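Here the structure comes first, spelled out in structure tokens, and everything after it is commentary.
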Amino acid sequence: MNTKGKDWLKEKLAEIEALESYAPEKTIGGVAKEYGLSPASIIKLNFNENLYIPREKIAALLKEVAEECDLRLYPQEEEEQLRVAIAKYLQLKPANVAVGNSSDEVMDRITRLFLDKGDVAVTFTPTFSVFRYCVRYNGAEYATAPLQKGFKLDVEGLRAAFTPETRLLYLCSPNNPTGNQFAPEEIEALIEDFPGLVMIDEAYGEYADYSAVPLIGKYENLVVLRTFSKAFGLAGLRLGYAVANPTLAKAINKIPAPYAINVVSLTMGRKLLENVGIMQEAVAALKAERRKLISRLNEIRGVEAFDSQANFVLINTSKPHEDVYVNLLKKGIIIKKLGRLLMYENCLRVTVGLPEMNVKLLNALKESLGEEA
Ligand SMILES: Cc1ncc(COP(=O)(O)O)c(C=O)c1O
């Protein structure tokens with residue numbers, strides 16, 4: 001490489017290094033080592049994974065997949081079969097569906113396809129950070145309007161951020177990390193007014209009160225992201241999808257790398273949809289526990305727990321969030337620390353765990369906030 005080339009590479013690498021990406025979080029193995037605990041005793045409540053679907057049920061389906069699939073071959077009809085199953089599940093047509101390696105990957109693809117350098121993408125804060133990384137990776141600008149009191153949408157604030165260069169509006173519903181959904185009529189008004197593409201992230205859609213999926217037939221600029229990582233309990237397989245009108249879905253399906261999604265994920269997704277009762281039962285159980293957890297959290301002095309339409313709960317504590325976080329880690333409980341969100345200084349987010357995990361969480365929180373456990 002000549003000197004000019006070397007300079008370019010150095011600059012490019014520095015530019016890439018400066019890009020923001022997902023910061024590594026604590027792992028079960030890491031916490032076990034750091035605090036001298038047994039990995040089996042650790043309760044992981046930081047990633048909104050689904051602990052309600054029994055592992056054995058997933059393992060049994062995976063065994064079937066191992067018997068049925070010939071992994072020596074490239075994928076054949078599996079992607080189309082999954083699109084048919086998703087369409088049936090959401091009462092759409094297969095042409096409305098674009099599948100990907102997780103909803104994050106589909107989001108990355110959409111931002112790459114639709115955002116150019118200098119374009120603007122808009123959302124509210126606080127929200128799911130991966131959207132911001134995707135926008136900035138494309139050299140586009142990230143504009144925001146903060147949520148209002150009660151985590152309500154600031155519709156006028158968002159509208160004020162629309163410019164002739166605004167191409168993408170991201171609405172996370174239910175929103176991570178606040179856990180709430182917004183007034184459906186406000187969402188629809190924004191879709192109607194927005195001059196570009198609206199991407200609604202329904203990663204937690206199965207836990208929520210309503211979905212924007214039925215609107216895709218009405219608005220040509222609407223795409224809804226969904227995932228198998230949450231309600232379907234397949235976070236480890238990395239499978240997600242987008243639904244939109246057929247023209248948009250076809251565009252999102254256009255990827256340069258053929259056969260990008262592996263046969264095991266595609267077939268597992270289809271099998272879970274064919275056994276959708278497994279998911280529904282787990283969602284119903286979680287929702288019942290969510291209600292109890294929120295009310296018990298609010299009984300702890302020094303904890304404010306917010307309502308949730310997702311599989312996690314946002315809390316604000318009277319003590320510094322960092323102290324609460326570390327206290328819990330020492331007891332083998334991993335939660336997500338967030339810090340200041342809007343007017344709330346000490347925010348943390350907890351996945352709704354199984355009842356016995358929540359008992360431990362509540363006791364650990366009580367101790368760490370100075371109450372008797
Ligand atoms: C709002 C939101 N969207 C997407 C994802 C990631 O989903 P996936 O596992 O399909 O990439 C998450 C995961 O936490 C999330 O909170």
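The values are calculated or read from the model by the stated rules, or taken from the named source; none is laboratory data. Not measured: the values here are computed from a predicted model. Using ideal geometry, Cβ is built from the backbone for each residue, glycine included, and neighbour counts are taken over all protein chains shown.
Here are a few things to note about the model shown:
- Among the residues of the range 278-317, those identified as assigned to a loop (DSSP other than H, G, I, E, B), of a type outside the set (A, V, I, L, M, F, W, C) and touching a Leu at 6+ places or on another chain (Cβ under 8 Å) are ARG301, GLY302, SER308, ASN311.
- A single member of PRO246, PRO195 is more than 13 Å from the ligand (Cβ to nearest atom), at pLDDT below 95 and not small (Gly, Ala, Ser), and it is PRO195.
Quick grid of which residues meet (1) within 16 Å of the ligand (Cβ to nearest atom); (2) hydrophobic (A, V, I, L, M, F, W, C); (3) farther than 19 Å from THR127 by Cα; (4) buried (at least 23 other Cβ atoms within 10 Å of the Cβ):
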{"site": "GLU202", "(1), (2), (3), (4)": "yes, no, no, yes"}
{"site": "SER211", "(1), (2), (3), (4)": "yes, no, no, no"}
{"site": "LEU215", "(1), (2), (3), (4)": "no, yes, yes, no"}
{"site": "PHE228", "(1), (2), (3), (4)": "yes, yes, yes, yes"}
{"site": "PHE232", "(1), (2), (3), (4)": "yes, yes, yes, yes"}
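- Hey, LYS33 touching a residue at least 40 places away in the same chain (Cβ under 8 Å), under 17 Å from VAL326 (Cα atoms), basic (Lys, Arg) and surrounded by 10 or more Cβ atoms within 10 Å (Cβ to Cβ) or not: no
- Of the residues making up the range 36-65, those that are under 26 Å from PHE228 (Cα atoms) and without any contact (Cβ under 8 Å) to a residue 12 or more places away in the chain number 8.
- Hits in the range 318-373 (condition: farther than 27 Å from ALA235 by Cα, not acidic (Asp, Glu) and not in a helix (DSSP H, G or I)): SER318, LYS319, PRO320, ARG340, LEU342, MET343, TYR344, ASN346, LEU369, GLY370, ALA373
- Residues of the range 12-45 satisfying the condition of being among the acidic types (Asp, Glu) and either modelled with pLDDT of 95 or more or at positive phi (or both): GLU34
- Check on ALA282, farther than 22 Å from THR111 by Cα, away from the ligand (no atom under 15 Å from the Cβ) and surrounded by 15 or more Cβ atoms within 10 Å (Cβ to Cβ): yes
- Residues of the range 47-81 classified as part of a loop (DSSP other than H, G, I, E, B) and over 22 Å from MET279 (Cβ atoms), total: 8
- GLU206 vs. criteria away from the ligand (no atom under 11 Å from the Cβ) and either surrounded by fewer than 18 Cβ atoms within 10 Å (Cβ to Cβ) or not in a helix (DSSP H, G or I) (or both): no
- Looking across the range 307-342 at every residue that is surrounded by 20 or more Cβ atoms within 10 Å (Cβ to Cβ) and of a type in the set (Gly, Ala, Ser), the one that is nearest to GLY36 (Cα to Cα) is identified as GLY332.
To keep it simple, each residue is scored yes or no on (1) away from the ligand (no atom under 16 Å from the Cβ); (2) outside the structural domain of MET268 (by TED's automatic domain parsing); (3) in a loop (DSSP other than H, G, I, E, B).
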{"residue": "ALA95", "(1), (2), (3)": "yes, no, no"}
{"residue": "VAL99", "(1), (2), (3)": "no, no, no"}
{"residue": "ASP104", "(1), (2), (3)": "no, no, no"}
{"residue": "THR111", "(1), (2), (3)": "no, no, no"}
{"residue": "ASP116", "(1), (2), (3)": "yes, no, yes"}
{"residue": "PHE128", "(1), (2), (3)": "no, no, yes"}
{"residue": "ARG136", "(1), (2), (3)": "yes, no, no"}
{"residue": "ALA145", "(1), (2), (3)": "yes, no, no"}
{"residue": "THR163", "(1), (2), (3)": "yes, no, yes"}
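- Test set (1) away from the ligand (no atom under 16 Å from the Cβ); (2) touching a Ser or Thr at 6+ places or on another chain (Cβ under 7 Å); (3) of a type in the set (Lys, Arg) - ARG270 fails condition number: (2)
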